[in-house]
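Taking it in order: structure first as structure tokens, then the write-up.
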Amino acid sequence: MTYKKERAQLEELLLQNLGETILNKGQEILALVPELIICAKCKHGNPAHIYNVFEHTLHVVAGVEVDLKLKLAALLHDIGKPYVKTWYEGWFRYGGHPEVSVTLSKLILKRLGYSVDFIEDVTRLVEYHDEKISPERESIQEMLTKLGKNNFERLLRLQQSDISAHEATYAKRTLEKLNEVKTVYATFS
């Protein structure tokens, strides 16, 4: 059984290019993707974060351009965090959350009736959203081989939005590193 009506409503919400307005659509999104409810109740408890997991997610969705795969990856990238949340040395950590997020994303996207290839593209972005890419040609080439050009470029945009939705000092430092990767990638022909 697929949920075509819910899929159409979710796509309409995500593809309106609402930017900041998407931040006010949280309840509508939770009604369409109830698997995210646990994220709305999950505080990050980490100095790099200023929002709970769901609020952070909405900011990431708002920060990416209108591209359905990218919007869905942004929506689902941290859905696994509440399931792996552990206390370590003074704050919460989320080791392994991309893997759990991939598993949950596959179930959600299948329920919504997406094709296997579409699901694979979205979940690859979810899988690698936290990957630290070195600003060296070999590192970039390795990710290009794993993802392909289109999804690699989507990944860079997802990472930019994800990082931007963090605490300002952390975001600035981390965006500088990502920009180094982009600069080296720009030299690829």
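Points worth noting:
- Residue within segment 74-86 that is outside any loop (DSSP other than H, G, I, E, B), surrounded by fewer than 24 Cβ atoms within 10 Å (Cβ to Cβ) and in contact with a strand residue (DSSP E or B) (Cβ under 7 Å, 6 or more places away or on another chain) present: yes
- Taking helices (runs of 4 or more DSSP H) as the structural unit, those lying wholly within segment 96-189 and holding at least 1 residues that are closer than 21 Å to residue 51 by Cβ correspond to 97-111, 116-128, 149-164, 168-185.
- Within segment 104-121, considering residues that are of a type in the set (D, E, K, R) and open to solvent by 60 Å² or more (accessible area, probe 1.4 Å), the one nearest to residue 4 (Cα to Cα): 110
- Among the candidates 180, 167, 176, residue that is open to solvent by 40 Å² or more (accessible area, probe 1.4 Å) and without any contact (Cβ under 8 Å) to a residue 24 or more places away in the chain: 176
- Cross-chain or 6+ apart pairs with Cβ under 9 Å, segment 92-111 first and on the phi > 0 side of the Ramachandran plot, then open to solvent by 80 Å² or more (accessible area, probe 1.4 Å): 96/83
- When residue 40 is tested against (1) over 17 Å from the mean Cα position of the chain (by Cα); (2) modelled with pLDDT of 90 or more; (3) over 25 Å from residue 151 (Cβ atoms), exactly one condition is not met: (1).
- Qualifying residue in segment 87-103 (condition: more than 17 Å from the chain's Cα centre (by Cα), crowded, with 18+ Cβ neighbours inside 10 Å and among the aromatic types (Phe, Trp, Tyr)): no
- The set of residues in segment 49-61 being open to solvent by less than 20 Å² (accessible area, probe 1.4 Å) and farther than 9 Å from residue 82 by Cα consists of 54, 56, 57, 58, 60, 61.
Let's see how each residue does on (1) touching a helix residue (DSSP H, G or I) at 6+ places or on another chain (Cβ under 8 Å); (2) more than 20 Å from residue 26 (Cβ to Cβ):
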position	(1), (2)
72	yes, no
80	yes, no
87	no, yes
101	yes, no
106	yes, yes
113	yes, yes
125	yes, yes
140	yes, yes
143	yes, yes
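- Any pair with Cβ under 9 angstrom, 6 or more apart, that starts in segment 23-49 at a residue that is touching a residue at least 24 places away in the same chain (Cβ under 8 Å) and closer than 21 Å to residue 107 by Cα and ends at one that is β-branched (Val, Ile, Thr) and not in a helix (DSSP H, G or I): 33/79; 35/79; 36/79; 38/79; 39/79
The values are calculated or read from the model by the stated rules, or taken from the named source; none is laboratory data. Note that the coordinates shown come from a computational prediction; the quantities given were computed from them, not determined experimentally. Every residue, glycine as well, gets a Cβ built from its backbone with ideal geometry; the counts of neighbours run over all protein chains shown. Surface areas here come from the heavy atoms of the whole protein model, side chains and all, with no ligands, DNA or RNA. Shrake-Rupley method; radii C 1.70, N 1.55, O 1.52, S 1.80 Å.
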